[in-house]
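For reference, the structure is listed below as structure tokens.
The values are calculated or read from the model by the stated rules, or taken from the named source; none is laboratory data. Being a predicted model, the structure only gives us computed values, none of them experimental. So basically every Cβ, Gly included, is an ideal-geometry build from the backbone, and we count neighbours across all protein chains shown. When the accessible area is computed, the model is the full protein with side chains, heavy atoms only, and any ligands, DNA or RNA have been set aside. Shrake-Rupley method; radii C 1.70, N 1.55, O 1.52, S 1.80 Å.
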Number of protein chains: 2
Amino acid sequence: MNMTGHTRRPASIRDVASAAGVSYQTVSRVINDHPRVKPSTRERVLAAIDELGFRRNATALALASGRTRAVTVLTGNTTHYGYASILQGVEEAARAASYAVGIGVLESADETTVAAEVQRAADAGDGLIVIAYDPAGVRALNAVPTGRPGAPALPVVGVVETPATPPGGDRPWVWTDDREAAYEATRHLLSLGHETVHYVAIPSSTRRTSARTSGWRRALREAGAPEPRPLQGSWGPAGGHTAGRRLAKDPSVTAILCGNDDLALGVLRALHENGRAVPDEVSVAGFDDAPHAAYLTPSLTTVRLDFTGLGRAAFALLHRVLEQSAPIAPHPVSAPQLVVRESSGPPPATT
Amino acid sequence: MNMTGHTRRPASIRDVASAAGVSYQTVSRVINDHPRVKPSTRERVLAAIDELGFRRNATALALASGRTRAVTVLTGNTTHYGYASILQGVEEAARAASYAVGIGVLESADETTVAAEVQRAADAGDGLIVIAYDPAGVRALNAVPTGRPGAPALPVVGVVETPATPPGGDRPWVWTDDREAAYEATRHLLSLGHETVHYVAIPSSTRRTSARTSGWRRALREAGAPEPRPLQGSWGPAGGHTAGRRLAKDPSVTAILCGNDDLALGVLRALHENGRAVPDEVSVAGFDDAPHAAYLTPSLTTVRLDFTGLGRAAFALLHRVLEQSAPIAPHPVSAPQLVVRESSGPPPATT
DNA sequence: GCCAAGAGCGTGACCGGTCACACTTGGATC
DNA sequence: GATCCAAGTGTGACCGGTCACGCTCTTGGC
């Protein structure tokens, strides 16, 4: 549609203005839907916009308005199912609100590296969403400039494990109730008749025990069951495999809860290698309900967590901080849901 | 360190300038490492920068320089292992080059929706990386404004399936040689003695046959093996399960190649449900070497693809387009590698 | 002692939008 | 016919950097 055919730079509002025979301010009014513009003028301006293929320059808008309409997600990893789903949820909600989403990966939990990443994120967008399930994420969350007099605070939302005590209003956090989820899963296994349930933990985000661990422990305590030491796993199947090998050799172990489905996969494998049948000899339950959980052999009993809902909620919360007009909590996070499949069953008959 | 304690806005170069008793231009020279600044002056400016906690405003820099130092990754999904790994690779390389990474999810393959997403991405950064393994991605790649006279071209790199013919220089694409990979995997299965190999395909990105399909077909042809129709799967295990159920019922099927590891998982499950032993009765091979492949029971023979390397290469290519000074192809993508595990073996002895 | 060169630094305009304000109309009111 | 108001439009400054240029002051060669 361009008649001159020689335009190099994209059209600005001043180009549109001269094409339509008005001032740049009138063009600004048109693209911002200000009411005080004569309909006929608006028509001419819109025609010029169309003809020149004008698009509002996001950078200039950001400079003038002081807001970039972009948020950054800081995460330790993009490939883990839970992390990736949260990211997807954030992006979905952000897109609906016309926000751009940036991403930063915390490759190391090293203090200065993390601080540098946070700084980079800070001047890339208006706000930050930090996935703080692991040490790197927690460190990042703590490194975010809080509202000290000199430097203005950077709006931030943390996606965290269930906190031990409800955080104050100055701690905008979102979480799924994974303590309750662990409790439910453990109770499920106990109700099948197992004497106790062993636990293979995901790496704790802090030194304190994680929410999942404490939910598991509470269920054991309530049932008066023995409390074995939780085994420390990593995030991936390899960690589960290592832990599983140890557990497989202990004949008293009949039920294992795993911090996530990948760990459970490794545990299943280790049990298989050691000739222990699931669920006939040992029951296994996971966490997350990753897409492959239903298709494993045996299919995995697990607790489904609403990660994308969590991501949407994180964005909604941040959005509300960034714009007072944003709706309040429009994206509820659905509660964890126990999904019973083949990998859990009653313990073997005691001989 | 802020003495006034009342600063609202972050410090600008003019604030630094007056604090150091120089002009804003001198401050600009210091932060850009221009040589013509007296060392003593530089000291004073640096001290002021430190004291005020000055950080260069990325938005203003972008407006003045015309370049945002940001790239956007457009993808159909963030949770699939391959996609997520590519994203991680892009982010890694971008971070090393001090570029920000934005992400856009193509929720639908609908023409206008995709075009809108591309537009959004276009004015969010300097360039685009499109993961074009699926119809939405391919459509996005085609919707990117090419260098027509009116609108300037938007630099874009496509992460694509192995193209049938090497693309011209105006098509900056990266890929792993998945045709060759499929060929190798098929040959592996044939070499074990299978009469032929069935194929469960990932959704084709175009109407034409995918590279993986054609590599598989070539291997069959070379061996003079019968060429069964490929089965159309989806991306996830569910599609593999559906396809697997059909294949399980055909006693002549002894070897199955799957377009990715998730499909293979579904196939394994379907075979198990139908009482067909792997690998004793049927051999299965996957694609990607996702983290769980090694821990399945049986562990999965697959072809490892260097997705993060691919992501790094995509960024490197885009970087070279954006900055002539960027190094040439510093991130080689390693070749696909066959990983033989338990799920493949010789066919059952013919009775 | 004069002039050219270059080191060191400052001023003005600009990138493409926005905001605050002032200006010109036309119609209604008195 | 003068006054007021509101609709409709335009001008200037600004956001926080950059670039292009110009100015001043040494320094060195002749």
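Per-residue 3J(HN,Hα) values for the stretch A:310-316, derived from phi via the Karplus relation 6.51 cos²θ - 1.76 cosθ + 1.60 with θ = phi - 60°, read 5, x, 4, 5, 4, 5, 4 Hz in sequence order (x marks Gly and Pro). For the segment A:53-64, counting C-beta atoms of other chains within 10 Å of every residue's C-beta and taking the mean gives 5. Measuring only protein heavy atoms, the 1.4 Å probe finds residue B:29 accessible over about 80 Å². Its Cα gyration tensor gives the stretch B:13-56 an equivalent ellipsoid; the semi-axes, largest first and in whole Å, are 14, 10, 9.
Could you pull out the chymotrypsin sites (Phe, Trp or Tyr not before Pro) across the stretch A:257-326 that fall in loop regions by DSSP (anything but H, G, I, E, B) with no more than 12 other Cβ atoms inside 10 Å? Here no loop site has a sparse enough neighbourhood.
Å³ per residue of the Cα convex hull, for the stretch B:178-305?
Per residue, the Cα convex hull of the stretch B:178-305 comes to 91 Å³.
When only Cα pairs below 8 angstrom with a gap of at least 6 residues are kept, the stretch B:13-56 shows a relative contact order of 43 percent.
For chain A, find the longest principal axis of its Cα atoms and tell me its angle to the long axis of helix A:39-52, 0 to 90°, nearest 10. With rounding to tens, the tilt is 70 degrees. How would you classify the stretch B:38-149 from its alpha-carbon gyration tensor, with a ≥ b ≥ c the square roots of the eigenvalues: rounded for a/c under 1.5, else prolate if a/b is greater than b/c, otherwise oblate? Since a/c reaches 1.5 and a/b is larger than b/c, the shape of the stretch B:38-149 is classed as prolate. Heavy-atom accessible area buried between chains A and B is around 4700 Å² (1.4 Å probe, both sides summed).
Rounded, prolate or oblate: which fits chain B, taking a ≥ b ≥ c as square roots of the Cα gyration tensor eigenvalues, rounded meaning a/c under 1.5, else prolate when a/b beats b/c? Here chain B falls in the prolate category. Pairs of Cα atoms nearer than 8 Å and 6+ residues apart set the relative contact order; for the stretch A:178-305 it is 24 percent. Amide H contacts of residue A:130: A:74, A:157, A:158, A:159, each under 5 Å away and 5 or more positions distant or on a separate chain (H built 1.01 Å from N in the peptide plane; Pro and chain starts excluded). Inter-copy label distances at residue A:168, shortest first and taken from points set 7 Å along Cα to Cβ: 6.5 nm. Looking at the stretch B:1-83, the pairs of alpha carbons with a distance over 15 Å make up 65% of the total. Ascending distances from the residue B:110 label point to its copies in the other chains, with the point 7 Å along the Cα-to-beta-carbon line: 4.7 nm. Karplus-derived 3J(HN,Hα) values for the stretch B:126-137, using 6.51 cos²θ - 1.76 cosθ + 1.60 with θ = phi - 60°, are 8, x, 9, 10, 10, 7, 10, 8, 10, x, 4, x Hz; glycine and proline are entered as x. With contacts taken as Cα pairs under 8 Å and at least 6 residues apart, chain B reaches a relative contact order of 15 percent. Annotation: amide H of residue B:339 within the under-5 Å range of B:302, B:303, B:304, sequence separation 5 or more or interchain, hydrogens built in the peptide plane. An oblate overall shape is assigned to the protein assembly as shown, the ratio a/c of its alpha-carbon gyration tensor axes (a ≥ b ≥ c) being 1.5 or greater and a/b not exceeding b/c. Annotation: amide H of residue A:260 within the under-5 Å range of A:287, sequence separation 5 or more or interchain, hydrogens built in the peptide plane. Phi-derived couplings, Karplus 6.51 cos²θ - 1.76 cosθ + 1.60 at θ = phi - 60°, listed residue by residue for the stretch B:175-181: 6, 9, 7, 6, 5, 4, 4 Hz, with x used for Gly and Pro.
Between identical copies, the spacing of residue B:229 label points, each set 7 Å from Cα toward the C-beta atom, reads 5.9 nm from nearest to farthest.
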